[in-house]
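Below: one structure, written as structure tokens.
The values are calculated or read from the model by the stated rules, or taken from the named source; none is laboratory data. Nothing here was measured: the structure is a model prediction, and the numbers come from that model. Every residue, glycine as well, gets a Cβ built from its backbone with ideal geometry; the counts of neighbours run over all protein chains shown. Just the protein is used for accessible areas: all its heavy atoms, side chains included, with ligands, DNA and RNA removed. Shrake-Rupley method; radii C 1.70, N 1.55, O 1.52, S 1.80 Å.
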Amino acid sequence: GCLKGTRTAVLDGIEFWTRDFDKPPVYWLNGLAGMGKSTIAQTIAERIFAGGQLGASFFCSRDFDDRRNLHFIFPTLAIQLARRYTEFRSIFVPLVQSDPEIAHESLYNQMKKLIVKPLEKSTISTVIVIDALDECKDREPASAILSVLGQFVSEIPKVKFLLTGRPEPRLREGFGLPLLAEATDVFVLHEVESSRVSNDIRLFFRRSFSGIADRRRRQKDWPTEEQLNLLCERAAGLFVYAVATVQFIDQTNKNPKKQLDRLLQLPKSTVYEGKAEFKENTTLDSLYTSILQQAFGDDDPEDDLIVRSVLGAVVLAANPLSPSTIGTLLGYDPEDVFPLLSSIHSLLILQGDTDQPVRPFHKSFPDFIVDPARCVSQRFRVSPPNHHMELLIGCLNLMNRTLEKNMYKLPDAVTNAEVPDLGERTERYIDSALQYACKSWHKHLVDEHTIRTPEIASALHQFLENKFLFWLEVLSVLGAAREAVDAFDLVTRWLEVSPTVELANDCFRFVTGFFEVTEESAPHIYHSALPLSPQTSVVRKLY
């Protein structure tokens, strides 16, 4: 949330809008990366929750599979509304019982059935918060969820929607649709008076440095007013810059004064921006470059290769990975991965041990590290095609090495629901690296244009020929059978012409033909699906 005493005018304005039903029902908090949109959304959600107005919230994030999927938003909001309001629940529960597949329907049907219908009948007055819409996967030219919202918002006049997102073309198109444009208040965060934002950032720096001084027993007049002025000027209205700066200065086992001096040292250049180690590009890019250079020192081709691989895994993984999982997938010692990530702790959300997931502390860092125009140093730049390929090979190789029949040691012919300790068995037999590989290997194909190499083709053929059914078992128990459908939808398009195509197509037919069996029971993949597959099936002959 926002630091107390900062962003007061913006927060008060939004809170007033939540209570004034003469105002439009939709509010778009629009701002560039690093302006503090999510922090403001979090603070508003906390305030209106305390005041009893918050019905539901969804904070989108590209870091997590289930939080960048548009089709998870309305079901999640509906569940929260059902928990919050008895009258909503009384309509919602029978509806889902009669039609349990609603969650997999189109966004239009989801909103109509799960949100609008119960809200219309119950006449509830509430506020719904959806943060960072720009982080969701969306192939429509105008945001798919905004298109649907525009069609229904007039039918639920007692419901307000607070939405945040960068002003990307898809969102601008969505909010520009006639039905939604007339129902939306737009607040442009980067047009707030710069002196007001600068004062908030100065307050953040003062309180943060005061806390560091207290904890580290430093003198109270640190930093100097001149240093503070320079930091505020460098931040240029970006709260994310201020947060990254403080995290860099406050690193464990580092001298805070020396860390600050490193950021503000004065080379010979007389240009104002030249007062730091910073080079060209924007302020934020300069900070990220400076932190990376400080962490990894001089050029070392071998070390730089490892740095890029590990950073690639952090920013491109389908879900956040732990240092130990990154090491397992990429073939590095996990004990080497953790110190490497710790050296750029200020850019990451990194827990205290090797088994906890790590992810970028702000989405502007992945944007920076994959963009050749912004991350000009090839030492650190992540190439998505190359590093997706590296993760794909790592996943396939791990599955080829470790998957076996009945890894969960399940009794014959049981359904998954009949095994009470499935969770414990997963922890015991399937480590986090293998879980990730099974659920997400295909996501590193990205699309049918992913680079085709003999190594990938060989590993994929070996996987389908020897491990396919063992993989389906794991997906069945993890409740992730739908991932198999997505995987073969991609694989069969990616392979085009190859000796593996016939095998992949037959695996695809097996997955779709016996989907219900696979979803309900891992053992019945062998007891029911395989015996009922066609005599000519390649899968049947192999397994």
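Points to keep in mind about this one:
- Unmet criterion (only one of (1) at negative phi; (2) open to solvent by 10 Å² or more (accessible area, probe 1.4 Å)) for G36: (1)
- Contact map, the range 512-541: first residue outside any helix (DSSP H, G or I) and of a type in the set (F, W, Y), second residue open to solvent by 40 Å² or more (accessible area, probe 1.4 Å) and at pLDDT 95 or above, Cβ cut-off under 9 Å, separation 6 or more or different chains; pairs are F514/H524; F514/L532.
- Selection count where residues are outside any helix (DSSP H, G or I) and either within 19 Å of F58 (Cα to Cα) or open to solvent by less than 10 Å² (accessible area, probe 1.4 Å) (or both), scope the range 147-157: 1
- Taking the criterion of being assigned to a helix (DSSP H, G or I) and either more than 30 Å from G5 (Cα to Cα) or among the aliphatic types (A, V, I, L, M) (or both), the residues of the range 190-202 that qualify are V197, I201.
- Of all the criteria given as (1) within 30 Å of F365 (Cβ to Cβ); (2) in contact (Cβ under 8 Å) with a residue 24 or more places away in the chain, the one not satisfied by Y108 is (1).
- Meets criteria (open to solvent by 40 Å² or more (accessible area, probe 1.4 Å) and either closer than 21 Å to K363 by Cβ or in contact (Cβ under 8 Å) with a residue 60 or more places away in the chain (or both)) for T76: yes
- Selection status of E273, touching a helix residue (DSSP H, G or I) at 6+ places or on another chain (Cβ under 9 Å), modelled with pLDDT under 90 and part of a helix (DSSP H, G or I): yes
- Out of V446, V497, V485, sole residue that is modelled with pLDDT of 90 or more, open to solvent by 10 Å² or more (accessible area, probe 1.4 Å) and among the aliphatic types (A, V, I, L, M): V485
- Of the residues making up the range 288-318, those that are farther than 12 Å from L340 by Cβ, at pLDDT 95 or above and not hydrophobic (A, V, I, L, M, F, W, C) number 1.
- Considering the range 510-519, and only residues there that are in contact with a helix residue (DSSP H, G or I) (Cβ under 8 Å, 6 or more places away or on another chain) and open to solvent by 70 Å² or more (accessible area, probe 1.4 Å), the residue that is farthest from H444 (Cα to Cα) turns out to be E519.
- Identity of the residue in the range 392-423, among the acidic types (D, E) and over 30 Å from L445 (Cα atoms), that ends up modelled with the lowest pLDDT: D412
- Screening L434, L392, L422, L445 for residues that are free of Cβ contacts under 8 Å to residues at least 60 places away in the same chain, under 30 Å from S364 (Cβ atoms) and not small (G, A, S) leaves exactly one candidate, L445.
- The range 310-362, residues that are part of a helix (DSSP H, G or I), among the small types (G, A, S), in contact (Cβ under 8 Å) with a residue 40 or more places away in the chain and farther than 22 Å from A437 by Cβ: S346
- When residues of the range 395-419 are limited to those that are without any contact (Cβ under 8 Å) to a residue 60 or more places away in the chain and of a type in the set (K, R), the one nearest to L321 (Cα to Cα): R401
- Failed item in (1) loosely packed, with under 15 Cβ neighbours inside 10 Å; (2) closer than 22 Å to A522 by Cα; (3) not hydrophobic (A, V, I, L, M, F, W, C), with K439 passing the rest: (1)
- Against the test of being open to solvent by 10 Å² or more (accessible area, probe 1.4 Å) and among the β-branched types (V, I, T), the options I91, I48 yield a single qualifying residue, I91.
- Just one of the listed residues (F205, F187) is in a helix (DSSP H, G or I) and aromatic (F, W, Y), and it is F205.
- Pick from the range 370-406, criterion open to solvent by 30 Å² or more (accessible area, probe 1.4 Å) and of a type in the set (V, I, T), ranking: nearest to D300 (Cα to Cα): V376
- Residue in the range 164-180 that is open to solvent by 30 Å² or more (accessible area, probe 1.4 Å), in a helix (DSSP H, G or I) and basic (K, R) present: yes
- Of the listed requirements (1) surrounded by 20 or more Cβ atoms within 10 Å (Cβ to Cβ); (2) closer than 20 Å to V414 by Cα, A504 misses just one: (2).
- From F74, F58, F92, residue being part of a helix (DSSP H, G or I) and under 22 Å from A142 (Cα atoms): F74
- Residue satisfying all of: in the range 187-217; surrounded by 14 or more Cβ atoms within 10 Å (Cβ to Cβ), touching a strand residue (DSSP E or B) at 6+ places or on another chain (Cβ under 9 Å) and of a type in the set (A, V, I, L, M, F, W, C); nearest to N255 (Cα to Cα) among these: L189
- Selection status of K121, farther than 29 Å from G52 by Cβ and either at pLDDT below 95 or surrounded by 19 or more Cβ atoms within 10 Å (Cβ to Cβ) (or both): no
- Any chance S210 is hydroxyl-bearing (S, T, Y) and either touching a residue at least 24 places away in the same chain (Cβ under 8 Å) or more than 25 Å from T43 (Cβ to Cβ) (or both): no
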